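Peer 1: This is the structure I want to talk about, given as structure tokens.
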Amino acid sequence: IEEYARLLPAMMRDWRSAFASPDLPFLIVQLANFGAPAAQVQSHSWGALRDAQRRVAAADANAGLAVTIDIGDRFDIHPTQKSIVAQRLARIARRLIYGEAIIDSGPTPLSARRDREAVIVDFEHGPLVAYSAARPIAFELCDADRNCRFTDATIDGARAKIDARGSTPAFVRYCWGDSPICNLYNDSDLPAVPFEAAIER
């Protein structure tokens, strides 16, 4: 994962140099879900690679990230719903390249902090919407060694409140597994980006 996180921005710098275009935009398609959903937390998963893609895109003002965690196929590593990927990429291009004032991203974490017996995650690109349930699923809390557990959460506007009773978590994750079931979106029908974030004290 560390090598990928180093090579992706290096490739972007190389292409910008080769094309003599320091502001050349990059549209990154995040790794889609693949395989059977897991009933247990997955410690070694594609989640870390997705998070590397997220971090690279977030650190580059001329890059955008298309989240595809909801349109993969458990039996096909090359999922067929290409038209949805194209629509999400087109939204990013309209904002990034053509300057349109358009929402091109699902909810993206801004910060995570401890608040008594809860962890509060603030998002941009809200408000948050939970599909097919009263609350979002697929949140995990992890200790400093990244021993993680699923936990309950509620949403309020652009904020998620995650139950941290009886624990002292160091990290929060969302949709971390190879093929997680994720139901958190915004009102533009764009899925929240899978992520891991350190919890501020």
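The values are calculated or read from the model by the stated rules, or taken from the named source; none is laboratory data. Values in this document were obtained by computation on a predicted structure and should not be read as measured data. Note that we place each Cβ from the backbone using ideal geometry, even for glycine, and neighbour counts take in every protein chain shown. With ligands, DNA and RNA removed, areas are computed over all heavy atoms of the protein, side chains included. Shrake-Rupley method; radii C 1.70, N 1.55, O 1.52, S 1.80 Å.
Peer 1: Under 9 Å between Cβ atoms, at least 6 apart or on separate chains: pull out the pairs that start in segment 1-18 with a residue that is more than 19 Å from Trp46 (Cβ to Cβ) and end on any residue that is assigned to a helix (DSSP H, G or I) and open to solvent by less than 80 Å² (accessible area, probe 1.4 Å).
Peer 2: These pairs meet every condition: Pro9/Val56; Met12/Val56.
Peer 1: What residue, of Arg146, Arg135, Arg173, is in a strand (DSSP E or B) and closer than 25 Å to Ala32 by Cβ?
Peer 2: Arg173
Peer 1: Sticking with this one: Hey, Lys82 hits all of (1) closer than 28 Å to Ser111 by Cβ; (2) open to solvent by 20 Å² or more (accessible area, probe 1.4 Å) but one; which does it fall short on?
Peer 2: (1)
Peer 1: Ok, one more. Mind listing whichever residues of segment 46-89 are part of a loop (DSSP other than H, G, I, E, B), within 16 Å of Phe26 (Cα to Cα) and touching a residue at least 24 places away in the same chain (Cβ under 8 Å)?
Peer 2: The answer is Ala59, Asp60, Asn62, Val67.
Peer 1: Looking at segment 187-195, is at least one residue of a type in the set (Val, Ile, Thr) and over 23 Å from Arg74 (Cβ atoms)? Can you show your working first?
Peer 2: Going through segment 187-195, the residues of a type in the set (Val, Ile, Thr) turn out to be 193.
Imposing the further condition that a residue be over 23 Å from Arg74 (Cβ atoms) reduces the set to none.
No, segment 187-195 contains no residue that is of a type in the set (Val, Ile, Thr) and over 23 Å from Arg74 (Cβ atoms).
Peer 1: Mind counting the residues in segment 113-129 that are surrounded by fewer than 21 Cβ atoms within 10 Å (Cβ to Cβ) and farther than 25 Å from Asn62 by Cα?
Peer 2: 8
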